[in-house]
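A quick write-up on the structure given underneath.
No lab work stands behind these numbers, since they all come straight from the coordinates. As the structure is a computational prediction, the values presented were derived from the model and not from experiment. Virtual Cβ from ideal backbone geometry, glycine too; neighbours counted across all protein chains shown.
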Amino acid sequence: MKTELKENGGIPAHILWTLAIVAGISVANLYYNQPLLNLMRDDLDTTDFRANLIAMVTQGGYALGLLFIVPLGDLFHRKKIILLNFAVLVAALCAMAAARDIYTVWGASLLTGICSVVPQIFVPIASQYSRPEHKGRNVGLVISGLLTGILASRVVSGWIGDVLGWREMYVIAAVGMCLCALVVLKVLPDIPPTFKGQYRTLMGSLFLLVRDHPALRVYSVRAGLAFGSFLALWSCLAFKMEGAPFHADSDVVGALGLCGIAGALTASFVGKHVKRVGIRNFNYIGCALILSAWASLYFGGSSYAGIIAGVLLIDIGMQCIQLSNQTSIFELCPSASNRVNTIFMTTYFIGGSLGTFLAGSFWHVGGWAGVAAVGATLTLCSLSLTLFTRK
C-alpha cells in the first residue's frame, strides 16, 4: 500500500532516509569529473583549458537546472519530474562514458548538471510534509546526505579513475542512477502539484515571491554572500598549497576536503535546533566561525594546523548559515516550496560565483592575503544583513 503524504502531517522515516541517500548519490554526479580531468584530457587528446571547461560546463548546467527545472515541482507531479531527470541523467552519463571527443563530453556534462538538481526537489518535500516541530531536523538530514555525497564523490571517482579508468566511473554512475530511479519509483508516493497555470506564469511568480517576501531576499542574499566566502577558500586553496612551505600535490587538497565531514555532521544539528536557537543567532555564530576561519587561514597559513583549523571552522560556520536560512524560507510560502528554494539556491549559487571570481582576481593581485581579504569582506557583508535587518 502506497504511503500518502499530507502537508505538515509527518514524513515516514523510510521516505526521509530515501530522500537523504538518493540526494547524496544524485549530487555526486556534479563532482565526479574534478579528480578525473587529467585522465580525461589525456584520453581525449585535448588541452588543459578545454578539460577544465568540463567542470565549468557542469556547474553551469546545474545553475540552469536550479532556475528552470526545480520550479516545475510546483507545477507537475514531482515523482514524474524526478524520474524524467534520472532518465536523462542515465543517458548523459552513458554518453560521457562513450565520448570520443571533448564536444560530446561538454554536451553530456551540461545535461548532467541540469538534471542533477533532484536533491533540490527533495529538500522542499522534507520541509513541506514534516511535522512543524521536525521540519528543521528533517531538512538538515537531507542536506547532510547531500553534503556527504559531495565529499564522497571526489574520493570515489579519484580511486575508481586510478584503478579502472574515468569512463568506468561514469558507467558506474549511470548504474547508480538506474538504481535510484527504481527506489524512488517504489518508495516515493505521488505528490500532487500546488500551482495551477502555465509554465510562463509559474516563472513569473518567482519575481512576485521576491517582491512580496522581504525575508526571502535577506535569507537568500546573506547565505549567498557567506557561500561566496566559502568558495573563495576552495577556489584558491590548491594554489596556496602548491607553493612554499607545503609544495603539496592535488591529493593533499582532496584530503583537506574530507574535513568537510564536519559540515555534513553540523547540518543535522543546525536543522534540529533552528527554532530553539533562532535564525539570527545561528547567522551570528556562523559569521563568527567563518571570520575565525579566515584569521586562522591567514595568520596560520604557513602550517597545516592553521589550514586544517580554518577548513574545519569555515565548513561548520557555512552550515550554520545555510541551514538556518534555507530551513526558514519554506515557512514563508509553503505552497510555493519549490519556487522559494529556486530563488534561494540561485542566489546562493550567484554568491558562490562572485566569491570564486573575486578570490581568483585578488589572488593575482595580493596572493593569499588578497584571498583572505575577499573572504572576510564577504562574510562581513553577510553579517551586516543580520545586524541591520530584523530577519
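Observations, loosely collected:
- Lys/Arg +1, Asp/Glu -1 at C-beta; the chain dipole; positive extreme among L378, P132, G113: P132
- Legend: calculated FRET efficiency, L258 to D212, from the Cβ-Cβ distance at R0 = 41 Å, rounded to 0.05, equals 0.45.
- Gaussian network model of the chain, Cα within-10 Å springs - most flexible of N281, N138, N33: N281
- Peptides 315-328, 18-31 ranked from most to least packed, by the mean per-residue count of other Cβ atoms within 10 Å: 315-328, 18-31.
- Backbone N atoms of segment 169-196 closer than 19 Å to the 7 Å Cα→Cβ label point of K79 belong to residues 178-195.
- Sparsely packed trypsin sites (Lys or Arg not before Pro) within segment 54-125, loop by DSSP, other Cβ within 10 Å at most 11: R100
- Full-stretch length increase - E242, S292 - with 0.36 nm per residue and alpha-carbon distance subtracted: 15.6 nm
- Estimated FRET transfer efficiency when R0 is 45 angstrom, pair N281-Y103 (beta carbons, to 0.05): 0.35
- Dividing the helix sum by the residues of the chain, where each DSSP H run of 4 or more adds -39500 (n - 2.57), gives a mean residue ellipticity at 222 nm of -27500 deg cm²/dmol.
- Sparse-neighbourhood loop sites, trypsin sites (Lys or Arg not before Pro) in segment 1-58 - DSSP loop, at most 14 other Cβ within 10 angstrom: K2, K6
- Placing R0 at 22 angstrom, the Cβ-Cβ distance between D190 and R131 gives a FRET efficiency of 0.60 after rounding to 0.05.
- When you restrict to C-alpha pairs under 8 Å that are six or more residues apart and normalise by the size of segment 247-391, the relative contact order lands at 27 percent.
- The chain, relative contact order [Cα under 8 Å, separation at least 6], %: 24 percent
- Spatially proximal aspartates and glutamates relative to K6 (Cα-Cα < 18 Å; intrachain offsets below 8 disregarded): D74, E133, D190, E331
- Span-rule helices in the chain, defined as complete DSSP H runs reaching 15 Å or more along the axis (Cα) with Kyte mean at least 1.6: 13-27, 78-98, 166-187
- Judged by the gyration tensor of its Cα atoms, with axes a ≥ b ≥ c, segment 205-387 is prolate; a/c meets the 1.5 cut and a/b is the larger of a/b and b/c.
- Here the contact order of segment 13-194, divided by its residue count and restricted to Cα pairs under 8 Å and six or more residues apart, works out to 40 percent.
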